[in-house]
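Engineer: Okay, handing you the structure first.
Nothing in this text is a laboratory measurement; each read-out follows from the coordinates by a stated rule. Here the structure is a predicted model, which means the values were calculated and not measured. Quick reminder, even Gly has a Cβ in these numbers, built from the backbone with ideal geometry, and neighbours come from all protein chains shown.
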Amino acid sequence: MTNSQLYSTIFKRKSIRKYDLTPLDTKTLAEIKEYSKHLTPVNKDIKYQLSFLNADDVKNLFPIKAPHYVCIHSEKKDGYLLNAGFLLQQMDLYFSVNNLGSCWLGMAKPTKEIPDVNNMEFVIMIAFGRTPENVHRSSVSEFKRKSLADITNVTGMDDILETIRIAPSATNSQPWYICGSAEELIVCRESLNFIKAPILGKNNQIDIGIALYHLYLALDHNNKKVAFDLQKQPAPKGYEFMIKVKVN
């Protein structure tokens, strides 16, 4: 699986909510699990573990039934939710490249304790499997998203920042805002009021990780090197700093 394949899929991926419940064949599952061993984190010092579950192992408040799920547990450190989103979006795009449906599940949990997670916290999971639906969008126009002008004041990078604009997010909240410069992009998230914070506070940090992986792929596609910096920076009014992306 190449970064170029994953990058191309950004522009046509979609969330799938209807699945063929027939389990995937052993070979396909083995390939998925092998790919999952080689993911790129934002912060390699944050320990995490991916686990693969069947339908009977998952409790989901929404009626989305799939034959397979991949979930992530993580130790709790600064940026661990962002890191989890960055990691699992690699799986989401991998599924799409391989014509498998997938969907982020913010309200699902494992029904039983998963062994060998070493007291790490369950973060989130993705459903995946084959689907009777079309796995891909036919056009970028099918994405229901904010305009670029609503999510950034950085100029001259429209093609790159478009990949953030069309990233998936919890309840399609699109919480990101990108400021700074072409050399130092500051990725922020929308500040939440006391009503929204308990509902979206955790998931929106994961969302920033998802969008950040899209940005990482877009910069790589344009032969740019990136370095991540979590040291706190000022953010525009109404937003919170999440991460600085240094671009070379």
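Engineer: Straight-line reach only, C-alpha to C-alpha below 16 angstrom: list the lysines that Lys225 could link to, leaving out same-chain residues fewer than 8 apart.
Structural biologist: Lys244, Lys246
Engineer: Separate question: Which chymotrypsin sites (Phe, Trp or Tyr not before Pro) from region 190-248 combine a DSSP loop assignment with at most 12 other Cβ atoms within 10 Å?
Structural biologist: Numbers: sites: Phe194, Tyr213, Tyr216, Phe228, Tyr239, Phe241; in loops: Phe194.
Here the chymotrypsin sites (Phe, Trp or Tyr not before Pro) that fit, given the DSSP loop and packing criteria, are Phe194.
Engineer: Same structure again: Report the per residue volume, in Å³, of the convex hull enclosing the C-alpha atoms of region 90-147. If you can, show how the numbers build up before the last one.
Structural biologist: Working: hull volume 8.8 nm³, N = 58.
Each residue corresponds to 152 Å³ of Cα convex hull volume.
Engineer: I would also like to ask the following. If the viscosity is 0.890 mPa s and the temperature 25 °C, what translational diffusion coefficient in µm²/s does Stokes-Einstein give for the chain when Rh comes from Kirkwood over Cα pairs? Intermediate values should be presented prior to the final figure.
Structural biologist: Numbers: Rh = 18.4 Å.
D, rounded to a whole number, is 133 µm²/s.
Engineer: If you don't mind, there's one more thing I want to ask. May I have the pair-distance distribution P(r) for region 143-247, computed from all Cα-Cα distances with 10 Å bins from 0 and rounded to whole percent?
Structural biologist: Spelled out bin by bin, region 143-247 gives 15, 52, 29, 4, 0 percent.
Engineer: If you place +1 on the Cβ of every Lys and Arg, -1 on the Cβ of every Asp and Glu, and leave all else neutral, what size is the dipole of the chain about its Cα centre, to the nearest 20 Debye? The partial results should precede the final answer.
Structural biologist: Values: 31 positive and 26 negative charges, 75 e Å.
Value, rounded to 20: 360 debye.
Engineer: What lysines sit close enough to Lys14 to cross-link, taking a C-alpha to C-alpha distance under 23 Å and skipping anything fewer than 8 places away on the same chain?
Structural biologist: Here the lysines satisfying the reach criterion relative to Lys14 are Lys33, Lys59, Lys65, Lys109, Lys144, Lys146, Lys202.
Engineer: Using alpha-carbon positions, what is the distance between the centroids of region 157-198 and region 36-101, in Å?
Structural biologist: Centre-to-centre (Cα) distance: 20 Å.
Engineer: Need one number for region 3-129: average projected area of the convex hull over its C-alpha atoms, nm². Please list the in-between numbers first.
Structural biologist: Values: hull surface 31.0 nm².
Convex hull of Cα atoms, orientation-averaged projection: 7.8 nm².
Engineer: Under the 0.36 nm per residue contour assumption, what length would be gained going from the current alpha-carbon distance of Ser191 and Asp20 to full extension? Before the final figure, lay out each step's value.
Structural biologist: On the way: separation 171, 0.36 × 171 = 61.56 nm, distance 3.87 nm.
Net length gain for the segment: 57.7 nm.
Engineer: Work out how much length Asn222 to Phe62 would gain on full extension: take 0.36 nm times their residue separation and subtract the Cα-Cα distance, in nm to one decimal.
Structural biologist: Values: separation 160, 0.36 × 160 = 57.60 nm, distance 3.87 nm.
Stretched out fully, the Asn222 to Phe62 stretch lengthens by 53.7 nm.
Engineer: May I ask you to evaluate 6.51 cos²θ - 1.76 cosθ + 1.60, the Karplus curve with θ = phi - 60°, for each residue of region 148-159 and list the ³J(HN,Hα) values in order in whole Hz, giving x for glycine and proline?
Structural biologist: Here the 3J(HN,Hα) series is 4, 4, 7, 10, 7, 10, 7, 9, x, 10, 4, 4 Hz.
Engineer: So what are the ³J(HN,Hα) numbers for region 8-17, from phi and the Karplus equation (6.51, -1.76, 1.60; θ = phi - 60°), rounded to whole Hz, Gly and Pro as x?
Structural biologist: The phi angles translate into 4, 6, 3, 7, 9, 5, 8, 7, 10, 10 Hz.
Engineer: A further question on this structure: Considering only DSSP states other than H, G, I, E and B, which GluC sites (Glu not before Pro) in region 70-156 qualify as loop sites with at most 13 other Cβ atoms within 10 Å?
Structural biologist: Details: sites: Glu75, Glu113, Glu121, Glu133, Glu142; in loops: Glu75, Glu113, Glu133.
The qualifying sites are Glu113, Glu133.
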